[in-house]
Amino acid sequence: MEQKSRGKRELTDRGSKRHRKRLQDAIMAVAWRLRWGLSRARPWLLPPPTHCPRRDLHKQVDGTEFQSIYSLDKLYPESRGLDTAWKVPDDAKQANSDIPLDRLTISYCRSSGPGGQNVNKVNSKAEVRFHLATADWIAEPVRQKMAITHKNKINKSGELILTSECSRYQFRNLADCLQKIRDMIAEASQTAKEPSKEDAVLKRIRIENMNRERLRQKRINSAIKTSRRVDMD
C-alpha cells in the first residue's frame, strides 16, 4: 500500500511540474506578443520626443565634414570664419578684430594634468606660440605692454609661449590657450586711469607711514644689537 501511495504522489508531482511549465510558457508568449504590439503601436500611442539641444551639437549637416562637439566653432560660436580663433572685444584698440590661426604655431605633447593613464598615451597638452614683435594683428602699444608684463613667457627668439593642460581633451586645452591670449590683449588694451587728488594724498600718507614704521623697526634692531655687545676691557 505504501508503494502505491508513493507512486501516486510521484505522478501528481510530475503533473504539477508539467502544469507550471506550460503556464510559464504561456505567460512568456503573452508578454512577448504584448511587447511586440506596443513596439508597433508606439508611434501612435506615445507623444513625439521633446527637442534635445545637445543633439544639435552632434548633428552633422549634409555636405559638410563631421565636427566634434569640442570644435572651436561650437565651443565659441562668436568666432566666425575658418581662419580666426577668437574674437577680441570691441573696446580693445586693435588693427584687426580677430586672431588669425595661421599666425600661431600650435603643437601638442604629453600632459601631466587630468586624464589618468590616458595622458601617457595621447598628446592632450596644447602649446600655442607666436612672434610678438611681428604680430601686426595686435596694436604696437599693446604689444609693448604685453612684452613688459609677460616677459617671463617670451623666449630668446621673441616668441610668446602659452600652454594649457587643464583638460584631458586637446580642443579644450587649445581653447584655453586662445582664451589666455584674448585676456592678455584685453588687459594690455586698457588705458591706465589717472589718480585723483584724494588718491594721491592717500598714497602719500601710506608712504610716510611705511617709512616711519621702517625707521622705528630699524632703531629697535639697532638697540638689540647694541645690547648684545660685550666690552673687552
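The values are calculated or read from the model by the stated rules, or taken from the named source; none is laboratory data. This one's a predicted model, so the numbers in the text were calculated from it and none came from an experiment. Here the Cβ positions follow ideal geometry from the backbone for every residue, glycine too, while neighbour counts run over all protein chains shown. Side chains included, ligands, DNA and RNA excluded: accessible areas come from the protein's heavy atoms. Shrake-Rupley method; radii C 1.70, N 1.55, O 1.52, S 1.80 Å.
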Margin query: Condition first: in a loop (DSSP other than H, G, I, E, B) and either closer than 21 Å to residue 113 by Cβ or without any contact (Cβ under 8 Å) to a residue 24 or more places away in the chain (or both). Now tell me which residues in segment 156-178 satisfy that.
Written below: 156, 165, 166, 167, 168, 169
Item checked: residue 231 being closer than 30 Å to residue 109 by Cβ and acidic (Asp, Glu) -> no
Note to self: Looking at segment 87-114 only, could you name the residues that are modelled with pLDDT of 75 or more, part of a loop (DSSP other than H, G, I, E, B) and either open to solvent by less than 50 Å² (accessible area, probe 1.4 Å) or farther than 22 Å from residue 165 by Cα (or both)?
What the structure shows: 104, 111, 113
Checklist line | All positions within segment 158-196 that are open to solvent by 80 Å² or more (accessible area, probe 1.4 Å) and polar (S, T, N, Q) | finding: 190, 191
Notebook entry, point to check: Any chance segment 184-194 includes a residue that's assigned to a helix (DSSP H, G or I), within 22 Å of residue 105 (Cα to Cα) and not small (Gly, Ala, Ser)?
Noted result: yes
Notebook entry, point to check: Within segment 134-153, can one find any residue that is surrounded by fewer than 17 Cβ atoms within 10 Å (Cβ to Cβ), among the charged types (D, E, K, R) and under 16 Å from residue 100 (Cα atoms)?
Noted result: yes
Next item on the list: Could you please find all residues in segment 115-155 being free of Cβ contacts under 8 Å to residues at least 24 places away in the same chain, among the β-branched types (Val, Ile, Thr) and assigned to a helix (DSSP H, G or I)?
Entry: 148
